[in-house]
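The values are calculated or read from the model by the stated rules, or taken from the named source; none is laboratory data. Because the structure is a prediction, the values reported are computed rather than measured. Cβ placement follows ideal geometry from the backbone for every residue including glycine, while neighbour counts extend to all protein chains displayed.
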Amino acid sequence: MDDLLKDFVVETSEHLDIVDAELVRFERDPNNSATLALIFRLVHTIKGTCGFLGLPRLEHLAHAGEDVISGFRDGKPVTAPAVTMILKTIDRIKGIIAELERSGSEPEGDDEDLVHALRALANEPAGAPALVAAPPPASTIESKGNLSFQVLERSLREDEVTLDELERAFRDAPGPEMPPFVEPAPVAPPPPPAPVAEAPKEAPRKEKKAAPKVEAKAEPEAPEAQASNENSVSKQSVRVAVGTLDRLMTMVSELVLTRNQLLEIARQRDDADFKSPLQRLSHITAELQDGVMQTRMQPIGSAWTKLSRVVRDLSEELGKKIELIQSGAETEIDRQLLEMIKDPLLHMVRNAADHGLEMPDERVAAGKPAHGTIHLRAAQESGYIIVEVSDDGRGIDVERVKAKALRNGLSTEADIARMSDEQILRFVMEPGFSTAAAVTNISGRGVGLDVVRSHVEQVGGIVDLRSRAGRGLNVTIKLPLTLAIASALIVEAAGQRFAIPQISVAELVRTQESGEVRIETLNGQATLRLRQRLLPVVDVADVLNLPRQGGSLATGDKADDRLVVVCHVGGHRFGIIVDSILHTEEIVVKPISSKLRHMSVYSGATILGDGSVILILEPAGVARSVMENGTRETAAQSEAELAAELMSSAERSLLLLFRAGGANLKAIPLAFIGRLEEFEHAKIEDTGGRAVVQYQGRLMPILGYQPQAGFDLEARQPVLVFHQQDREIGMAVDEIVDVVEVSIQIDTSHATPGTVGATIIDGKAVEIVDVSDLVAPEGQEKPASDEQVDVMVIESSEFFRALFAPLLQNAGYRIAVLPSLQAARVAIARQKPSVIVMDLDQPGDEGFSFVRELAEDGTSPPVIGLVSRAGPRLIEKGKVAGLYDLVGKFDRQGLMSSVGDVLGGYSTTQWGAAA
Amino acid sequence: MSAEQRMRRDMSIVDEIQLVSVRIEGQLIGLPITSVRDVFSITAMTPVPKADRAVAGLVNLRGHIVTILDLGYLLNSRRTERQSEQEPMAVGVEWLGEVFGLVVDEIGDVLSLSGDSSEPMPANMGTNWARFTRRVHKLERELMIEIDLHALLETMSLQAA
């Protein structure tokens, strides 16, 4: 492709983007003659250049489009169909340009359809009732003849066009009719479309075509300030190939590295002669770096221009009224980063328009204005670029996300109960997660937000979601200023140094064996207790299989005095254990070899000041590698292990140990506890002899609360919160001791009122507290033994019988609880349950054969199997046997939703939903 | 014309070829000079934990990060035992715009050979050898194996790490 053509393609694409955005603005504000003038000029330029380069198809289209636009100029009403038609034309032109760029010549084809439609528009009498106030009619009369003149044959030669234009320009040139044009300007001063960004694009146009006639009419129309601004900037800017800038940046990066090396040497040797020139070099390098980075900066608004068009099209397609507000469009951002976030931005805006914003009538019913607003915001804050997309739509329903996350097996009930809303919201950024009920043309295929996240994380950025139910969603992206240079923490593990990007580091802590901050093991996994929160921690040396002196954490050693880098990535906080923290350094991130790129624990490599190469750790990858190990282990289990798992770990569960009213340890299965909270004693009030506290906007009763004697109102009262149907109940405890995973062997013979029995943990007797009163309303009777029931529970353990019965009753089901399969066989015929919930842990293979028996019978109700942990192999086996679903014993939510599915009449099975 | 003769004729068309001779565990190996960029000694190498064992580490070669591959491991599927007296040497090769360093025991002369002196690999060589080599050159004193660098770097099964 020759250079001229290449320039044309680049330039025209830029112009078209601007036209797109301007037209959308113009449609809303048709009285703004400055906008119209700008559009006209751009389209005219395209037309002129096409004629010059011999591109008849493009020229023809642009010409027809120009006619319609000139009709607007002449006072024709600006109607939505007309704007749509022009946008369509622009799309067609874009298509041709893309082909031109690829092949170097115009593609074959015919545009008569569009041209005819455009001509019809252009020839429409101007007297049609205007949707909007027409501009002053002064120029209307005068340009009429001109219009019919324009509608010539298709093969206009360039000189003809120019002549025609000249004539028009002559007529429109400043003269007696000028005042009406100037008049609207002060009324609606057009937000100057990022003049700095635009100026360089305009410069070559003026040079190349030297179209004085265009300017002649453009300048008097445009507000004075804009015109002069454009002129001054255009003279000072030069068009530079992006490749040149990138090369320059690479060289500066190298220079920075070399300078760092020199500084390192100078530190070691105390040479005064050396020092002052080095200081100067250092200074100049820093300035050069700033300068070169500046050349790579572009206002973020250039990525936004497309969005206004997208929003306009979406609002037509969806039948919603959407307004796009932009602020901070002038915020400058590295060109490379800009490219990387273009797609995520598009995704987010589409998401907001499609899912976020409600239909107008829905909005009005909710007391909101009929038109929805999407707000794009950008700003530079403390060394990062913050880009925000917010809408005032319905927001994300946290409860639905919870349910979906549980069903997709992304988390467990116990985990979710401990999560903040922000953390729960993050599930929507997991691959394949979409809460949209229907997949639409625009979005909802579950590939939206996870794409956004992966794009943003790829460039070292962070995505955050904030949802206010019913009031909208706010997505914030935090990006580094540039990709090339990053600040990093240099750490050491097992004798090797690594860099951790500063952007993901939240804080550094040192642990002590019995101090405030300490590392404890839970189920063989290390956790960090930090300010009363438990964070997962991973040891870099373990993750990377590095040999270390003195044993690793995974083997259960409680090492003290560890250094932990607490990272905050994607709403998750976790710790990375290192041996020492050396210093921070500005590093030039170099891509890692193609042969290592598949390793998610590294994001790149760099050369330090002393010349050594070190690897850059990707904190999210490090954390993920640990979690992946966990799942891989489950998948690799053999059939024999499977059976063993089913038997041995039968009743292993997480128990919360605490003390309340006495020195004895008490325990409650963690799965039944909604949350752990602490309240100041001062906040706990006494109403009618009952202790209550304001919790999530409501009053929550607290059982077992002992008012504190006068002093120390600052002290906090730990409270276990239980969810009961639609309200919460608190239970005051003296002290929360620990969470342990144990295999429960409950001795129910010691059951006393308020407990279901006792068990031995670490050699100590622990009372298991009866929570059935807390999770189920009182006063429900078990149905008689021959009455029809909804749910039949077959469970041999008294402990679980005591738990499930109130749970299901609480949900309003009629239930029958049976201890054995033999008893169940008799009872099924009589009580005709709609669903059977059974413990699969039966002697031998009896559990599964019972399921098969029922499945073959055909008339039997669906069976939901209970296992201690629903691994993928068990799920598979259960599926083969004919189970409806498989649920973990402590997965309360899973059980309830599965039972709900059956009784709610849904017939689809819920495979893989539990665990 | 027998198959062997035909092959010889085909190879002689290739004409002269220049090979950099290196030695790995006693075996003489030839690398086509067209893909060799430079030869350097490995000073400070950073190991890459958890990477494929064929990746020996990363070095700083005049401000560029170069991935060092263990040629012996690639060919023999076991880590090369090396005498610790001297710094290991590496041959820098360029492949798809990226520079890799191949660790070798010894670097020798550049030899100009013609196709006439060569034969296809004998069938009883190990699979890796058969896959990554082009042919055997019969030198006066010993045999030299000509490596197909493209095949070596392309089929390197590092993704399985």
| message | Out of everything in segment B:22-58 that is surrounded by fewer than 23 Cβ atoms within 10 Å (Cβ to Cβ), of a type in the set (A, V, I, L, M, F, W, C) and within 26 Å of residue A:253 (Cα to Cα), what residue ends up being farthest from the other protein chains (Cβ to nearest Cβ)? | response | B:39
| query | Among the residues of segment A:381-419 satisfying the criterion of being part of a helix (DSSP H, G or I) and aliphatic (A, V, I, L, M), which is farthest from residue A:304 (Cα to Cα)? | reply | A:414
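For every residue, the table says whether it meets (1) surrounded by fewer than 22 Cβ atoms within 10 Å (Cβ to Cβ); (2) at pLDDT below 80; (3) on the phi > 0 side of the Ramachandran plot; (4) not assigned by TED's automatic domain parsing to the domain that holds residue A:11.
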position	(1), (2), (3), (4)
A:56	yes, yes, no, no
A:62	no, no, no, no
A:81	yes, yes, no, no
A:89	no, no, no, no
A:94	yes, no, no, no
A:103	yes, yes, no, no
A:108	yes, yes, no, no
| field | Residues of segment A:708-744 satisfying the condition of being modelled with pLDDT of 65 or more and of a type outside the set (A, V, I, L, M, F, W, C) | value | A:716, A:717, A:718, A:723, A:727, A:728, A:730, A:734, A:735, A:738, A:741
| field | Residue count, segment A:264-317 (criterion: surrounded by 12 or more Cβ atoms within 10 Å (Cβ to Cβ) and either touching a Pro at 6+ places or on another chain (Cβ under 6 Å) or not in a helix (DSSP H, G or I) (or both)) | value | 5
| Within segment A:794-869, helices (runs of 4 or more DSSP H) holding 2 or more residues that are among the aromatic types (Phe, Trp, Tyr), at pLDDT below 80 and within 44 Å of the chain's Cα centre (by Cα) | A:798-810
| query | Taking segment A:596-613 on its own, how many of its residues are within 7 Å of another protein chain (Cβ to nearest Cβ), in contact with a strand residue (DSSP E or B) (Cβ under 6 Å, 6 or more places away or on another chain) and at pLDDT 80 or above? | reply | 3
| message | Anything in segment B:47-81 that is modelled with pLDDT under 75, assigned to a loop (DSSP other than H, G, I, E, B) and not basic (Lys, Arg)? List them, or say none. | response | B:63, B:77, B:80, B:81
| remark: For segment A:884-893 the number of residues that are within 21 Å of residue A:771 (Cβ to Cβ) and either part of a strand (DSSP E or B) or at pLDDT 75 or above (or both) is 2
| note | For segment A:670-685 the number of residues that are within 30 Å of the chain's Cα centre (by Cα) and not in a helix (DSSP H, G or I) is 5
| task | Return the only residue of A:86, A:39, A:18 being β-branched (Val, Ile, Thr) and out of contact with any Asp or Glu (no Cβ under 9 Å at 6 or more places or on another chain). | result | A:86
| message | Return the residues of segment B:69-80 that are touching a residue at least 12 places away in the same chain (Cβ under 8 Å), more than 10 Å from chain A (Cβ to nearest Cβ) and not aromatic (Phe, Trp, Tyr); say none if nothing qualifies. | response | B:70, B:71, B:72, B:74, B:75, B:76, B:77, B:79, B:80
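Can residue A:358 be described as in a loop (DSSP other than H, G, I, E, B) and touching a strand residue (DSSP E or B) at 6+ places or on another chain (Cβ under 9 Å)?
yes
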| request: Among the strands (runs of 3 or more DSSP E) lying completely within segment B:82-161, list those that include at least 3 residues that are at pLDDT 85 or above and touching a helix residue (DSSP H, G or I) at 6+ places or on another chain (Cβ under 7 Å). | output: B:98-104
| field | Search result, residues across segment A:806-840 that are within 9 Å of residue A:795 (Cα to Cα) and crowded, with 18+ Cβ neighbours inside 10 Å | value | A:817, A:818, A:821, A:837, A:838, A:839, A:840
| Looking at segment A:291-304, is at least one residue closer than 30 Å to residue A:350 by Cβ, more than 14 Å from every other protein chain (Cβ to nearest Cβ) and β-branched (Val, Ile, Thr)? | yes
